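Worksheet: the structure to be examined is printed underneath.
The values are calculated or read from the model by the stated rules, or taken from the named source; none is laboratory data. Since this is a predicted model, take the numbers as computed values, not measurements. Cβ: placed from backbone, ideal geometry, glycine included. Neighbour counts: every protein chain shown. Areas reflect the complete protein model, heavy atoms only, side chains present, ligands, DNA and RNA absent. Shrake-Rupley method; radii C 1.70, N 1.55, O 1.52, S 1.80 Å.
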Amino acid sequence: MSTANSLSAEDLGSAAQRDRRKRILDATIELASTGGFDAVQMRAVAERADVALGTLYRYFPSKIHLLVSALGRELERSDAVLRERPTPGDTAADRVIYLLKRTTRGMQGDANLTEALTRAFMFADGSVKAEIHAVGMLLTQMMARAMHPEQTELTELTDEDVAIARVIGDVWLSALVAWVTGRSTAADTAVHMETAVRLLLRD
């Protein structure tokens, strides 16, 4: 029996669910890139992803759930690119600053998408805590790997390392909010992030 034929109904269902979720997030990102936060409407996402509106709501109960999950997906993509080669820098601060600048430039290159994802993060309440937690954990892992590239398992990090990584992730998100809302320029954002990282990761 071939591998495809030997898959259980549960495995096929999981594969179908993963494909459906991917189509939904792809559609969300496409709409956000075109028109920002306001362009992402649940019915438009469902139509573009070719899923029933009720199905979309089962996966993502609200537009905010949807966009915060899309933010996580974009960070996963950035993380995958950064993992392909060692992060340059002689110190932990240098490596973290490189990672943040690279990720920020990527997001600032698509202002509509970044506006949509960041506004969703700003508007998220307690009902979106699982998605917010997932984004926070991903950011923490990205920062921690840059701080300690020799560590193959994040469980080897100290509590202080994890706390610093979390704070840096929070500062980065705050800086993005300031840029999206027009309170700071891209250059100001970069300076703010670098100052925070240098203070937290002094040699």
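Please work out if Leu113 is touching a residue at least 40 places away in the same chain (Cβ under 8 Å), aliphatic (A, V, I, L, M), closer than 20 Å to Asp170 by Cβ and in contact with a helix residue (DSSP H, G or I) (Cβ under 8 Å, 6 or more places away or on another chain). The answer is no for Leu113.
Against the criterion of being of a type in the set (Val, Ile, Thr) and out of contact with any Lys or Arg (no Cβ under 9 Å at 6 or more places or on another chain), Thr140 does not qualify.
Return yes or no: is Ile132 under 30 Å from Ala27 (Cβ atoms) and out of contact with any Asp or Glu (no Cβ under 8 Å at 6 or more places or on another chain)? Yes, satisfied.
Against the numbered list (1) at positive phi; (2) surrounded by 14 or more Cβ atoms within 10 Å (Cβ to Cβ), Thr87 comes up short only at (1).
Could you list, in sequence order, the residues of the range 164-203 that are outside any helix (DSSP H, G or I) and either open to solvent by less than 20 Å² (accessible area, probe 1.4 Å) or farther than 21 Å from Phe37 by Cβ (or both)?
Here is the first cut: in the range 164-203, the residues outside any helix (DSSP H, G or I) are 181-185, 201-203.
If the condition is that a residue be outside any helix (DSSP H, G or I) and either open to solvent by less than 20 Å² (accessible area, probe 1.4 Å) or farther than 21 Å from Phe37 by Cβ (or both), then Leu201, Arg202, Asp203 are the ones that fit.
Leu66 meets all of the listed conditions (1) open to solvent by less than 60 Å² (accessible area, probe 1.4 Å); (2) at pLDDT below 95 but one, namely (2). Go through the residues of the range 149-163 one by one and say whether even a single one is part of a loop (DSSP other than H, G, I, E, B), out of contact with any helix residue (DSSP H, G or I) (no Cβ under 6 Å at 6 or more places or on another chain) and in contact (Cβ under 8 Å) with a residue 40 or more places away in the chain. There is at least one residue in the range 149-163 that is part of a loop (DSSP other than H, G, I, E, B), out of contact with any helix residue (DSSP H, G or I) (no Cβ under 6 Å at 6 or more places or on another chain) and in contact (Cβ under 8 Å) with a residue 40 or more places away in the chain. Hey, Asp90 hits all of (1) of a type in the set (D, E, K, R); (2) modelled with pLDDT under 95; (3) not in a loop (DSSP other than H, G, I, E, B) but one; which does it fall short on? Condition (3) is where Asp90 drops out.
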